Amino acid sequence: QVQLVESGGGLVQAGGSLRLSCAATGSIFSINAMGWYRQAPGKQRELVAAITRGGTTNYADSVKGRFTIARDNGKNTVYLQMNRLKPEDTAVYYCNAKTIDSNYWGQGTQVTVSS
């Protein structure tokens, strides 16, 4: 079992920045990749960014060049640095951890970008 605790959401004006954090506990040795997803009202949950155990990253086209995902293996924490935020980035952001046979989710943190 893996437990994920997110922090760092909030309200920011367009053009501003936020950093999300996700701390993993439990069977962290079994995690192959971690990432961030988001879900806006009335929309499906979508991948924002992901990072593998080896450090390979993947980003949604809509956030490339603005968001950066990073992983601190010593702290078992994944970060999402979000710069130049836009109103369309407003959503609940969920941390995700993938093992060989399971998918784990955090409780979600709200990010609201005002215009």
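The values are calculated or read from the model by the stated rules, or taken from the named source; none is laboratory data. These numbers were taken from a predicted model, which means no experiment stands behind them. Counting neighbours? That spans all protein chains shown, and the Cβs are built from the backbone with ideal geometry, glycine included. Side chains included, ligands, DNA and RNA excluded: accessible areas come from the protein's heavy atoms. Shrake-Rupley method; radii C 1.70, N 1.55, O 1.52, S 1.80 Å.
Return the residue satisfying two criteria in turn: it lies in segment 1-50 and is at pLDDT 95 or above and aromatic (Phe, Trp, Tyr), and of such residues it is farthest from the chain's Cα centre (by Cα).
Ranking the candidates gives 37 first.
In segment 51-73, which residue that is among the charged types (D, E, K, R) and open to solvent by 70 Å² or more (accessible area, probe 1.4 Å) is nearest to residue 12 (Cα to Cα)?
Per the criteria, the residue is 64.
Which of the residues belonging to segment 80-115 are assigned to a loop (DSSP other than H, G, I, E, B) and touching a residue at least 24 places away in the same chain (Cβ under 8 Å)? First the steps, then the outcome.
Of all residues in segment 80-115, those assigned to a loop (DSSP other than H, G, I, E, B) come to 83-86, 90, 99-102, 106-108, 115.
If the condition is that a residue be assigned to a loop (DSSP other than H, G, I, E, B) and touching a residue at least 24 places away in the same chain (Cβ under 8 Å), then 83, 84, 85, 86, 90, 99, 100, 102, 106, 107, 108, 115 are the ones that fit.
Please enumerate the residues belonging to segment 15-35 that are among the hydrophobic types (A, V, I, L, M, F, W, C), surrounded by fewer than 17 Cβ atoms within 10 Å (Cβ to Cβ) and either in a loop (DSSP other than H, G, I, E, B) or in contact with a Cys (Cβ under 8 Å, 6 or more places away or on another chain) (or both).
Across segment 15-35, there are no qualifying residues.
Consider only pairs whose beta carbons are under 8 Å apart and that are at least six residues apart or on different chains; among these, list those whose first residue lies in segment 51-65 and is aliphatic (A, V, I, L, M) and modelled with pLDDT of 95 or more and whose second residue is open to solvent by less than 80 Å² (accessible area, probe 1.4 Å) and not in a strand (DSSP E or B).
Cβ pairs passing all conditions: 63/89.
Could you tell me which of the residues 103, 76, 83, 96 is open to solvent by 40 Å² or more (accessible area, probe 1.4 Å) and closer than 17 Å to residue 54 by Cα?
76
Looking at (1) without any contact (Cβ under 8 Å) to a residue 24 or more places away in the chain; (2) touching a Leu at 6+ places or on another chain (Cβ under 7 Å), find the lone condition where residue 6 falls short.
Only one criterion in (1) without any contact (Cβ under 8 Å) to a residue 24 or more places away in the chain; (2) touching a Leu at 6+ places or on another chain (Cβ under 7 Å) is unmet by residue 6, namely (1).
Scan segment 67-79 and report the pairs whose first residue is closer than 12 Å to residue 22 by Cα and whose second residue is of a type in the set (D, E, K, R) and assigned to a strand (DSSP E or B), with Cβ atoms within less than 9 Å and a gap of 6+ or a chain change.
Qualifying pairs under 9 Å: 77/71; 78/71; 78/72; 79/19; 79/71; 79/72.
Among the residues in segment 36-53, are any in a loop (DSSP other than H, G, I, E, B) and over 18 Å from residue 110 (Cα atoms)?
So far as segment 36-53 goes, yes, one or more of its residues are in a loop (DSSP other than H, G, I, E, B) and over 18 Å from residue 110 (Cα atoms).
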